[in-house]
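We did not get these values from a lab; they are worked out from the coordinates using the rules stated. On a predicted model such as this, the values are computed, not experimentally measured, just so you know. Every residue, glycine among them, receives a Cβ derived from its backbone with ideal geometry; neighbour counts consider all protein chains shown.
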Amino acid sequence: MPDSAPRRDTRGIVDPAGLLSRVRFRRHLPAPALRPYLEHYWLIDWELPEPYASHVVPHPSVNVVFQRYGPPATGDASAEVAGIGLGLFTHELTGTGRVCGIQFRPGGFRPFAPAWPVSAWTGRRVPLTDVFPDATDSPAAVLTPDGDHARVAALDAFLLAHGPAPDPAADHAMELVELARSDRTIRRAAQLAAASGLSVRSLQRLFADRVGVGPKWVILRYRIHEALERAEAADTTGTPDWAVLAAELGYSDQAHLVRDFTTTIGVPPTAYARGPSVP
């Protein structure tokens, strides 16, 4: 069932307090017909006296991003399709700007761009017109309005003009990713395959075509999101017992969790819990 409100967590954002103290960040739901395919729209506006580098551990989601850097009268407007990011995404915000983004559910992008497997965009950021050739006027339509309601309406209009095309395989993929996200007992691709009724190889093909990354990668990414959120909450809930958390998340031992966290975020979880930072 489509959500009735956008999610409010900051999962995946490194040092969310630092980011949210510098930008106006909002989430909005799309039109009801689009909600089965989208997580939400995300809107950011900023006016900064000095540059700020934001860091995000990407979700297994494709995003369409409309962006303007600089004042409304002189800033350049553009749009791109951002495939699933495989590593930490770092972006420097300077001066004045605006971003309006569409975060698709994992598996939800393919019904709008059925000509290519979603893995074709993984690790890539391409101009919007490479995927939607008729979208030349979309950046101005989305970015020009000052009110959120008008921007959301423009995003709805853009998506409804491009689908969604019926795709039962994408529906199945979305269900399986949600299962991997919500069921902590699923720790391996073979367990997800068993729950899906597919062989591991068929599950891998489904994820490559409809999600963009493999099922093992999805499971691991959600583990890192959980560990990041626990480390972020250390000030209010106390420092996690990393060995216990590693076991809860399905790691073979604490060292494995620390290694994955450090590789993804850039610092060990104990250092991050003391004060969010990245090199």
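For this structure, a couple of remarks:
- Rounded to the nearest angstrom and listed largest first, the equivalent-ellipsoid semi-axes of the range 1-61 from its Cα gyration tensor are 25, 13, 9.
- Label corresponding to Kirkwood radius over Cα pairs in Å when calculated from the structure given, among (1) 19.7; (2) 22.0; (3) 18.8: (1)
- Whole-angstrom Cα spans of the range 120-279 along principal axes, big to small: 52, 43, 25
- Here the spin labels are modelled as points 7 Å beyond Cα on the Cα-Cβ line, and at L179 and T144 they lie 4.7 nm apart.
- For A190 and S4, the FRET efficiency from 1/(1 + (r/R0)^6), where r spans their Cβ atoms and R0 equals 25 Å, is about 0.10.
- Using just its DSSP H runs of length 4 or more, each adding -39500 (n - 2.57), the chain gives a mean residue ellipticity at 222 nm of -11000 deg cm²/dmol after division by all residues.
- Most to least packed among 144-151, 78-85 [average Cβ atoms within 10 Å]: 78-85, 144-151
- Relative contact order, percent, the range 1-133 [alpha-carbon distance under 8 Å, six or more residues apart]: 26 percent
- Around S119: net Lys/Arg minus Asp/Glu count, Cβ-Cβ under 12 Å: +3
- When each of the peptides 122-135, 95-108, 249-262 is scored by how many other beta carbons lie within 10 Å of its residues on average, the order from highest to lowest is 95-108, 249-262, 122-135.
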